[in-house]
Amino acid sequence: MKVAKLGFIALPAAWLLLVTATPEAAQPKTVNSGVFTEAQATRGEEAYKKDCSSCHGAGLAGDGFAPGLAGSEFLSNWNGTSVGDLFDRIRISMPPSSPASLPNAAKADIIAFVLKFNKYPAGSAELASSTDALKDIAIELPK
């Protein structure tokens, strides 16, 4: 009888340990998690100035035709989506005159700059330059 009680108690206890010991992978990754580096954002700022600012503006406010990439306009367009969605949009269609003119790494750098401009924290790893690697990073309100 004692063995049965012990087994009955041990099983839920083992399950609880398994659930609480799960690594960070169970936590969703967001732009508030530090998904780019300062160096990457700096490179992205230079690329943005050269390849994006003529349409989106020096202050990322947009120009009526090109949407703003900062503040409430950025969040209303991208909150609840993924960095992979944003990367894909840029990869496929930016700059409009020649989307293939910028390498994917430069496009990831530009996203790092946009995130930094929007007050998201930098981290220790660079933002990847492929849609698949970025699709699990959610865009949410800055903390």
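If you place +1 on the Cβ of every Lys and Arg, -1 on the Cβ of every Asp and Glu, and leave all else neutral, what size is the dipole of segment 24-138 about its Cα centre, to the nearest 20 Debye?
Magnitude of the dipole: close to 100 debye.
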Looks like segment 63-126, by Cα gyration tensor root eigenvalues a ≥ b ≥ c and the a/c under 1.5 rounded cutoff (else prolate when a/b is bigger than b/c, oblate otherwise), is oblate
Order of 73-84, 89-100 by packing, highest average Cβ count within 10 Å first? 73-84, 89-100
Put one equal scatterer on each alpha carbon of segment 28-141, apply the Debye formula with no solvent term, and list log10 I(q)/I(0) at q = 0.11, 0.16, 0.17, 0.21 1/Å to two decimals. -0.29, -0.64, -0.73, -1.19
Any chance you could run the full-extension gain for SER53 through SER98? It's 0.36 nm times the residue separation minus the Cα-Cα distance, nm to one decimal. 14.7 nm
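Computed from the coordinates by the stated procedures, all read-outs in this text should not be read as laboratory data. In this text the structure is predicted, and so the values were computed from the model without any measurement. All Cβ positions, glycine included, derive from the backbone under ideal geometry; neighbour counts span all protein chains shown.
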